[in-house]
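**Student:** Below is the structure I would like to discuss, written out as structure tokens.
The values are calculated or read from the model by the stated rules, or taken from the named source; none is laboratory data. Fair warning: this is a prediction, and the values are worked out from it, not measured in the lab. Cβ atoms come from the backbone with ideal geometry, glycine included; neighbour counts cover every protein chain shown. Areas reflect the complete protein model, heavy atoms only, side chains present, ligands, DNA and RNA absent. Shrake-Rupley method; radii C 1.70, N 1.55, O 1.52, S 1.80 Å.
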Amino acid sequence: MLAGLLKKSKRTIVYTGAGMSTESGLPDFRSAKTGMWELEDPSKVASVTALNAHVERFFQFYKQRVLAAKETGPHAGHRILAKWEQQGLINGIITQNVDGFHTMAGSKNVMELHGTLRKVHCESCGKDYSNERYVQDEFYCECGGKLRPSIVLFGEMLPEEAFLQAIFESEKADLFIVLGSSLTVSPANQFPMMAKEQGAELVIINMEATEMDGIADLVINGRKIGEVLKEADEELVQ
């Protein structure tokens, strides 16, 4: 059925959440007992306050996150989405994830709502660096400023350009596919609703049920995203 919806659609937008990353082996933030925020207080390690008041802890926390992203990578689902974009089957990806795996897999039109761990930049002068600086324990810029990951920290606004583009793409979609998101975090969970209100068909593929399943045209729970996308890809070539 997913393959049929893709074939019929003229403009398809994909929205990905933590479930897309956990299939690559990255830890989730909010999962009960195993999520990062069960083990760490976000205000102490992942906020603007932490960058200023607990800077060494901040650096070490994000060094571990950078290393985890480098030790894993895109899975089959990421690569299929990139292939579908090249084939014109999907038109863009809105993501909550900061691992950069969509870009690494070859996707071009990626709206990173929370930024990316693939880069760090100077808090003082704004200069960009590779995240290799964190791997090498180099946490300060040539100007002396602190280097921070190019992601949205707790207490910061979402990047305006990515957010506005995501609104535009959601309202223009006639098929909107959610992959691996519980759809509980605002404002990101507004995008599927925007698409639906403009007449788009809504597909939700997530391990657990979401609050928006009732308005979706197709819901797939309890299955790996990569497997579902692989099946749809095989159907498309038949």
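**Student:** Between the helical axis of 160-172 and the dominant principal axis of the chain, each derived from Cα atoms, what acute angle in degrees is found, rounded to the nearest 10?
**Tutor:** For helix 160-172, the angle is close to 0 degrees.
**Student:** Can you tell me the dipole magnitude for segment 93-167 around its Cα centre, using point charges on the Cβ only (Lys, Arg +1; Asp, Glu -1), in Debye to the nearest 20?
**Tutor:** In debye, rounded to 20, segment 93-167 gives about 100.
**Student:** What is the helix-to-structure angle for 225-236, meaning the angle in degrees between its Cα long axis and the longest Cα principal axis of the chain, kept from 0 to 90 and rounded to the nearest 10?
**Tutor:** 40 degrees
**Student:** Per DSSP H run of n ≥ 4, the term is -39500 (n - 2.57); total these for the chain, divide by its residue number, and report the mean residue ellipticity at 222 nm rounded to 500 deg cm²/dmol.
**Tutor:** One gets -11000 deg cm²/dmol as the mean residue ellipticity at 222 nm.
**Student:** Search the structure for amide H atoms under 5 Å from the amide H of ILE151, placed 1.01 Å from N in the peptide plane, and list their residues when 5 or more places away or on another chain.
**Tutor:** Amide H to amide H, under 5 Å and 5 or more residues apart or across chains, ILE151 pairs with THR116.
**Student:** Could you tell me the relative contact order of the chain? Use alpha-carbon pairs under 8 Å, at least six residues apart, and round to a whole percent. Spell out each step's value before the answer.
**Tutor:** Values: 426 pairs, mean separation 55.5, N = 238.
The normalised contact order for the chain reaches 23 percent.
**Student:** Quick one: if the Förster radius is 41 Å, what FRET efficiency do HIS54 and ALA209 give, using the C-beta to C-beta distance and rounding to 0.05?
**Tutor:** FRET efficiency, HIS54 to ALA209: 0.65.
**Student:** Excluding PHE139 itself, calculate the net charge of residues whose Cβ lies under 13 Å from the Cβ of PHE139, where each Lys or Arg counts +1 and each Asp or Glu counts -1.
**Tutor:** Once all neighbours under 13 Å are counted, the net charge is -1.
**Student:** Could you tell me how far the Cα centroid of segment 135-166 sits from the Cα centroid of segment 74-104, in Å?
**Tutor:** That distance is 22 Å.
**Student:** By what distance, in whole Å, do the Cα atoms of the chain stretch along each of the three principal axes, largest value first?
**Tutor:** Largest to smallest, the principal-axis extents are 55, 34, 31 Å.
**Student:** In addition: Roughly to the nearest percent, how much of the accessible area of segment 1-237 is carbon and sulfur, given a 1.4 Å probe? Don't skip to the answer; put the middle values down first.
**Tutor:** Working: 5540 of 11050 Å².
Carbon with sulfur: 50 percent of the solvent-accessible area.
**Student:** Would you mind computing, in nm to one decimal, how far apart the modelled labels at LEU218 and LYS108 are, each placed 7 Å from Cα along Cα→Cβ?
**Tutor:** So the label points at LEU218 and LYS108 sit 2.5 nm apart.
**Student:** Farthest toward the dipole's positive end in the chain, which of VAL219, LEU236, GLN165, given Cβ charges of +1 (Lys, Arg) and -1 (Asp, Glu) about the Cα centre?
**Tutor:** The listed residue farthest towards the positive side: LEU236.
**Student:** Let me ask something else. Can you tell me the dipole magnitude for the chain around its Cα centre, using point charges on the Cβ only (Lys, Arg +1; Asp, Glu -1), in Debye to the nearest 20?
**Tutor:** Value, rounded to 20: 340 debye.
**Student:** Work out, step by step, the length gained on full extension between GLU235 and LEU67: first 0.36 nm times the residue separation, then minus their alpha carbon distance; give nm to one decimal.
**Tutor:** 56.8 nm
**Student:** Further, regarding this structure: Residues of segment 1-237: accessible area per residue at 1.4 Å, in Å²?
**Tutor:** So segment 1-237 comes to 47 Å² accessible per residue, rounded to a whole number.
**Student:** May I pose another question? Between PHE168 and MET193, what is the label-point separation in nm under the 7 Å Cα-to-beta-carbon projection?
**Tutor:** According to this spin-label approximation, the distance is 2.3 nm.
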